[in-house]
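The values are calculated or read from the model by the stated rules, or taken from the named source; none is laboratory data. Every value quoted in this text rests on a predicted model; they were computed, and no experiment measured them. Cβ placement follows ideal geometry from the backbone for every residue including glycine, while neighbour counts extend to all protein chains displayed. Calculation scope for accessible area: heavy atoms of the full protein, side chains included, ligands and nucleic acids excluded. Shrake-Rupley method; radii C 1.70, N 1.55, O 1.52, S 1.80 Å.
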Amino acid sequence: MWECARFLVELDEQLCRVGMMMNVKKTKMMVLDGKIEEPIMIRGEKIEEENNFTYLGVSMRPEPSSGAEVAIRIAKAVKVFRALYHPLWKRRQVSVETKIGIYRAAVLPVLLYGAEVWVLSVKESTRLEVFHRKCLRVILGITKRDHWRNERVLEETGMCDVGELVTRSRLRWLGHVVRMGEDRLPPQMLYGSLDGRGKVGRPVGRWKDMIEGDIRKREMIGWYDLAQDRKLWRSVVAGERIDAAVKRRRKGMQLESRQKQEDSKQEGGGEGLTCATCGRRFKGRKGGGFQRHVDACHGAGSNCSGSQDGDGGGGSSSTSGSSSSSSSSSRSSSSSSSSSSSSSSNTSS
């Protein structure tokens, strides 16, 4: 604690040297573990101690549990949902698909804001699930008297549990942290460890423990390598099986490689293109010269082939004529041979 006080005093001295001054009334501090025996004084003013404060819309507290933050998020989501009750949820003219789309876009982001770093207990998960299912029942226009099971409610709305949504958020953030450089603070916090001895009793749940449970539930083998590929990791996080996601990703990579090859050929960096009609070679498709030549050459070739087809008809007729003449000559030769044979037969007789 003395180190913190010395740091604040030195910071205030450095600011005063450059013509700036720390506002002590707006400066607050929060103690994570332990108590402050003596208050920290700067220029005769005491720095107040706070038990919680809001940073980027998230309530920061010294306790590792996310129970207070979950309660705040549910209260804010309730306000948003009630504000749309009469204008939207109660109207029967609006389809259920439209209501679910608005619920996903307006209510769920408020409810799950900051869920990537939540450490949830069973009690907090149950509170989230209860609120989520109540909202879906209001959207469908049913009550407990209708005796609809929760599975049927989720099936009719096409939604999943809040626990699944929180798991996707955590895994999405995990992949983002894994792809960061090792010199960044989030990877250092993820892979680092604290020295010292813990308190007696069951250890407090950590974010790392929640992630390990999510990975076991998804049966992710070799998750670190999977997370390096953003598109593949996104498919796995969405609930797709790893083998199916890998096959689909490989197919996509093959299509991307083919597209890159075609683009390189169009830019003139390929192996070259050859006209199938005349054999002329081009560097690439850039500028459209190759395509214009192919169209022109194909049109000229079709015209030439048409004229050749006409000539070929005459040629075929002449050929057929020659073949007929040869056949007639063969007939005459055969007749002459028959006549000679008949004469020889007469002579013999």
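Which of (1) of a type outside the set (Ser, Thr, Tyr); (2) closer than 30 Å to residue 210 by Cβ; (3) part of a helix (DSSP H, G or I) is the odd one out, the single condition residue 16 does not satisfy?
Looking at each condition in turn, residue 16 falls short on (2).
Tally time: how many residues in the stretch 141-154 are open to solvent by less than 80 Å² (accessible area, probe 1.4 Å) and part of a loop (DSSP other than H, G, I, E, B)?
Residues of the stretch 141-154 open to solvent by less than 80 Å² (accessible area, probe 1.4 Å): 141-143, 146, 148, 150, 153-154.
In the following step, the residues that additionally are part of a loop (DSSP other than H, G, I, E, B) were identified as 141-143, 148.
Within the stretch 141-154, residues that are open to solvent by less than 80 Å² (accessible area, probe 1.4 Å) and part of a loop (DSSP other than H, G, I, E, B) number 4.
Which ones in the stretch 13-57 are open to solvent by less than 70 Å² (accessible area, probe 1.4 Å) and touching a residue at least 24 places away in the same chain (Cβ under 8 Å)?
Once the filter is applied, which keeps residues that are open to solvent by less than 70 Å² (accessible area, probe 1.4 Å) and touching a residue at least 24 places away in the same chain (Cβ under 8 Å), the stretch 13-57 yields 29, 30, 31, 34, 36, 40, 42, 47, 57.
Among the residues of the stretch 117-140 satisfying the criterion of being open to solvent by 60 Å² or more (accessible area, probe 1.4 Å) and touching a residue at least 40 places away in the same chain (Cβ under 8 Å), which is farthest from the chain's Cα centre (by Cα)? Give the derivation first.
Taking the stretch 117-140 and keeping what is open to solvent by 60 Å² or more (accessible area, probe 1.4 Å), we get 117, 122-123, 126-127, 130, 133-134.
Imposing the further condition that a residue be touching a residue at least 40 places away in the same chain (Cβ under 8 Å) reduces the set to 117, 123, 127.
Working: 117: 20, 123: 32, 127: 29 Å.
Among those residues, the one meeting the criterion is 123.
Just give me the residues in the stretch 155-178 being among the small types (Gly, Ala, Ser) and open to solvent by less than 20 Å² (accessible area, probe 1.4 Å), in sequence order.
As a first pass, look at the stretch 155-178 and keep what is among the small types (Gly, Ala, Ser): 158, 163, 169, 175.
Result: 169, 175.
If you take the residues in the stretch 198-233 that are in a loop (DSSP other than H, G, I, E, B) and among the hydrophobic types (A, V, I, L, M, F, W, C), which one is farthest from residue 171 (Cα to Cα)?
Going through the stretch 198-233, the residues in a loop (DSSP other than H, G, I, E, B) turn out to be 198-206, 219-222, 229.
Still in the running and among the hydrophobic types (A, V, I, L, M, F, W, C): 200, 204, 220-221.
Numbers: 200: 31, 204: 21, 220: 11, 221: 14 Å.
Ranking the qualifying residues of the stretch 198-233, first place goes to 200.
Rundown of residues vs (1) modelled with pLDDT of 85 or more; (2) under 30 Å from residue 204 (Cβ atoms), yes/no style:
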position	(1), (2)
2	no, yes
7	no, yes
18	yes, no
43	no, no
75	yes, yes
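Identify all residues within the stretch 97-116 that are open to solvent by 50 Å² or more (accessible area, probe 1.4 Å) and either in contact with an Asp or Glu (Cβ under 8 Å, 6 or more places away or on another chain) or assigned to a loop (DSSP other than H, G, I, E, B) (or both); write none if there are none.
Start the filter on the stretch 97-116 by keeping residues that are open to solvent by 50 Å² or more (accessible area, probe 1.4 Å), which leaves 97-98, 102, 104-105, 109, 113, 116.
Matches in the stretch 97-116: 113 only.
Return yes when residue 10 is within 26 Å of residue 63 (Cβ to Cβ) and open to solvent by 70 Å² or more (accessible area, probe 1.4 Å) and no when it is not.
Details: within 26 Å of residue 63 (Cβ to Cβ): no; open to solvent by 70 Å² or more (accessible area, probe 1.4 Å): yes.
No, not satisfied.
Please count how many residues of the stretch 34-79 are part of a strand (DSSP E or B), under 12 Å from residue 114 (Cα atoms) and aliphatic (A, V, I, L, M).
2
Of these, 209, 229, 195, which one is open to solvent by 100 Å² or more (accessible area, probe 1.4 Å), at negative phi and out of contact with any Leu (no Cβ under 7 Å at 6 or more places or on another chain)? Before you say what the answer is, go through the steps one by one.
Working: 209 fails: open to solvent by 100 Å² or more (accessible area, probe 1.4 Å); 229 fails: open to solvent by 100 Å² or more (accessible area, probe 1.4 Å).
Step by step, each of 209, 229, 195 is checked, and only 195 is open to solvent by 100 Å² or more (accessible area, probe 1.4 Å), at negative phi and out of contact with any Leu (no Cβ under 7 Å at 6 or more places or on another chain).
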